[in-house]
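Worksheet: one structure, shown below.
The values are calculated or read from the model by the stated rules, or taken from the named source; none is laboratory data. This one's a predicted model, so the numbers in the text were calculated from it and none came from an experiment. When we count neighbours, we look across all protein chains shown, and the Cβ atoms used for this are built from the backbone with ideal geometry, even at glycine. For the accessible areas, the whole protein counts, side chains as well, though only heavy atoms, and no ligand, DNA or RNA atoms are used. Shrake-Rupley method; radii C 1.70, N 1.55, O 1.52, S 1.80 Å.
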Amino acid sequence: MTFPSDSPLGRLLAAPMRPGWVTWLGLRPARRATMLTPWSVGLVAQRGIAGDRYDTTHDGPRQVTLIAAEDLAAIAAFLGRSVIAPELLRRNIVTSGINLLALKDRRVRLGAALLEISGDCAPCSRMEHVLGPGGYNAVRGHGGITARIIEGGEVAIGDAVERVR
């Protein structure tokens, strides 16, 4: 939902945000295969991440998935665990220090790449198998976001995550 920029809510949504940073990267070489965790990845405009199983030729809205480290901590707490490994949720990029949901429908710079945040990344039924009983509900509302790659480029652990507009 878009609000007029001169409305009180529109001004709040456009208010400055502190940048976050990339803390983890993951590639899914094949369906259900062990994830690779490189120090950097190449994002290909309108396609996806080089080496990831998900590659689109129709410029789809789910070319890359992101989740906040803070959401991983919340999921762990809901399950009574101290930590949840990011590869269990099979997202591509873990960030820290920035509220990803506040970026919905916005553009974000990660390293040399430019992304457009396209939507929420809802959990799938496999979360019950992967995380155990209650896994699906623990991830609800904390599963991260999806994005379209507008400008490709290299993204590395430690790179800034900054809202562009």
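A few comments on the model shown:
- Test for residue 146: is it outside any helix (DSSP H, G or I), within 14 Å of residue 61 (Cα to Cα), among the hydroxyl-bearing types (Ser, Thr, Tyr) and open to solvent by less than 40 Å² (accessible area, probe 1.4 Å): yes
- Taking the stretch 149-165 as the range and being modelled with pLDDT of 95 or more and not in a strand (DSSP E or B) as the test, the residues that pass are 152, 157, 158, 159.
- Contact map, the stretch 82-101: first residue closer than 24 Å to residue 132 by Cα and open to solvent by less than 30 Å² (accessible area, probe 1.4 Å), second residue of a type in the set (Phe, Trp, Tyr) and outside any helix (DSSP H, G or I), Cβ cut-off under 7 Å, separation 6 or more or different chains; pairs are 86/24; 94/24.
- Test: residue in the stretch 48-57 that is in contact (Cβ under 8 Å) with a residue 60 or more places away in the chain, assigned to a loop (DSSP other than H, G, I, E, B) and at positive phi: no
- Residue 139 vs. criteria farther than 19 Å from residue 50 by Cα and open to solvent by less than 10 Å² (accessible area, probe 1.4 Å): yes
- Apart from one condition, residue 58 fits all of (1) modelled with pLDDT of 85 or more; (2) exposed (fewer than 10 other Cβ atoms within 10 Å of the Cβ); (3) within 19 Å of residue 149 (Cβ to Cβ); the exception is (1).
- Taking every residue in the stretch 137-165 that is on the phi > 0 side of the Ramachandran plot and pairing it with any residue that is open to solvent by 60 Å² or more (accessible area, probe 1.4 Å) and in a strand (DSSP E or B), at least 6 positions away or on another chain, the pairs with Cβ-Cβ distances below 7 Å are 158/21.
- The set of residues from the stretch 35-47 being within 21 Å of residue 117 (Cβ to Cβ) and either in a loop (DSSP other than H, G, I, E, B) or open to solvent by less than 30 Å² (accessible area, probe 1.4 Å) (or both) comprises 41, 42, 43, 45, 46, 47.
- The requirement of being of a type in the set (Asp, Glu) and more than 23 Å from residue 14 (Cβ to Cβ) is fulfilled nowhere in the stretch 102-121; no residue meets it.
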